[in-house]
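Working notes for the structure below.
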Amino acid sequence: MRVFNFSAGPAVLPEPVLQKAAAEMLDWHGSGMSVMEMSHRGKEFISIAEKVEADLRALLAIPTHYKVLFLQGGAIADNALVPMNLLRGRSVADYVNTGEWSKKSIKEAGKYCAVNVAASSEDKKFTYVPAQDTWKLSSDAAYVHVCTNETIGGLEYQWTPDTGELPLVADMSSHILSRVIEVSKYGVIYAGAQKNAGSAGLTLVIVRDDLLDCALPITPSVFHWKEQSAAESMLNTPATYAIYIAGLVFEWLQAQGGIAAIERRNIAKAQLLYDYLDHTQFYANGVRKEDRSRMNVVFRLSDETLDEAFLKGAKERGMVQLKGHRAVGGMRASIYNAMPVEGVRALVEYMQDFEQRNG
Ligand SMILES: *Cc1c(COP(=O)(O)O)cnc(C)c1O
């Protein structure tokens, strides 16, 4: 029996995707082999990879002057690869600090350049996104880095920063494909696939053409965006199976009506949870309303001694992975694209019921 899996990542996948992968496991389209067994340079896999890229481009309306790379190492590798690939002789980069993932990016970038924290919401425990007019950007920065959805703190940009001439770089790991974005506002977008785009092992990198060729000479070739772009992301053996799974997720997204349609569903799903949280004293969400994440809904029980009982009861009802990140505690319901509205409804019902029994 399948559970409602609220894990922050790796996370729930659409059931039709898993079924299709299962059906094609032993014999992909009459090839007599699994995608896992295919040469990445064979015509079968090349046809898969080309369609995956075309579908991603269509879903996100990625302009032609952007390259799409299918790399490895995850977003945490990109914390180093962004400065390596983008410093282009400059010695400072601007970062906006909105939580745990921003902090990791800042720390790693500090190995490669001076980091100017242009704005931070640490003063209020990362419960808001600092307004753009408070950002103190440096004129000589190589780029401006933001984390547009803080997976741990449950904070999301509901607006797109405007950094003028400075390239805007975004870690979108936990909300890419969940909402319509304007790619042309960004210089670089990167995301691990295991939240909204499939399985772990694949990192999506979307780079504007003019930013491709600025890497430090020491940048490893497999992480050198220009070299990987020239090699169609096959300078090394790419994460072939993860690319295939991402492709199935993209086809599923198209069948749902595309990103605008899934965004409407995501708004409705998040609303169900936040509406309830706003009408109870038993649970609380401390994030400023305008900045709340649609993907990762964090909440606390007013009486923390009930945490274990809450999690145990949820599990008995087939709802798992609701425990908040160890860095912040509390609870977290990650409700990515693939979480059906039924799962969110079941969670709210359970929360109400638990409140009635313990409140
Ligand atoms: C999950 C996550 C990461 C880490 O990704 P890895 O694949 O473990 O490298 C980084 N940033 C954000 C915003 C995330 O949600």
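Going by the structure shown, is VAL115 assigned by TED's automatic domain parsing to the domain that holds LEU235 and within 16 Å of the ligand (Cβ to nearest atom)?
Details: assigned by TED's automatic domain parsing to the domain that holds LEU235: yes; within 16 Å of the ligand (Cβ to nearest atom): no.
For VAL115, the condition - assigned by TED's automatic domain parsing to the domain that holds LEU235 and within 16 Å of the ligand (Cβ to nearest atom) - is not met.
Taking LEU273 as the residue in question, decide whether it is open to solvent by less than 10 Å² (accessible area, probe 1.4 Å) and within 24 Å of GLY324 (Cβ to Cβ). Taking the combined requirement at face value, the residue satisfies it. Pairs meeting the criteria (first residue in segment 213-224 and in contact (Cβ under 8 Å) with a residue 40 or more places away in the chain, second residue acidic (Asp, Glu) and not in a loop (DSSP other than H, G, I, E, B), beta carbons under 9 Å, at least 6 apart or on different chains) are ALA215/GLU227; THR219/GLU227; PHE223/ASP78. Scan segment 49-75 for residues that are of a type outside the set (A, V, I, L, M, F, W, C), closer than 13 Å to SER233 by Cβ and within 16 Å of the ligand (Cβ to nearest atom) and the total you get is 2.
Do we have any residue at all in segment 2-24 that's of a type in the set (Gly, Ala, Ser), open to solvent by 40 Å² or more (accessible area, probe 1.4 Å) and in a loop (DSSP other than H, G, I, E, B)?
No, there is no match, as no residue in segment 2-24 is of a type in the set (Gly, Ala, Ser), open to solvent by 40 Å² or more (accessible area, probe 1.4 Å) and in a loop (DSSP other than H, G, I, E, B).
In the condition set (1) at pLDDT 95 or above; (2) not assigned by TED's automatic domain parsing to the domain that holds MET234, MET1 is compliant with all but (1).
Residues in segment 118-157 that are open to solvent by 20 Å² or more (accessible area, probe 1.4 Å), away from the ligand (no atom under 16 Å from the Cβ) and of a type outside the set (Asp, Glu): 13 in all.
Going by the structure shown, is GLY187 within 14 Å of the ligand (Cβ to nearest atom) and farther than 18 Å from ALA338 by Cα? In short, no.
The values are calculated or read from the model by the stated rules, or taken from the named source; none is laboratory data. On a predicted model such as this, the values are computed, not experimentally measured, just so you know. Using ideal geometry, Cβ is built from the backbone for each residue, glycine included, and neighbour counts are taken over all protein chains shown. Protein only, heavy atoms only, side chains kept; ligands, DNA and RNA dropped before computing areas. Shrake-Rupley method; radii C 1.70, N 1.55, O 1.52, S 1.80 Å.
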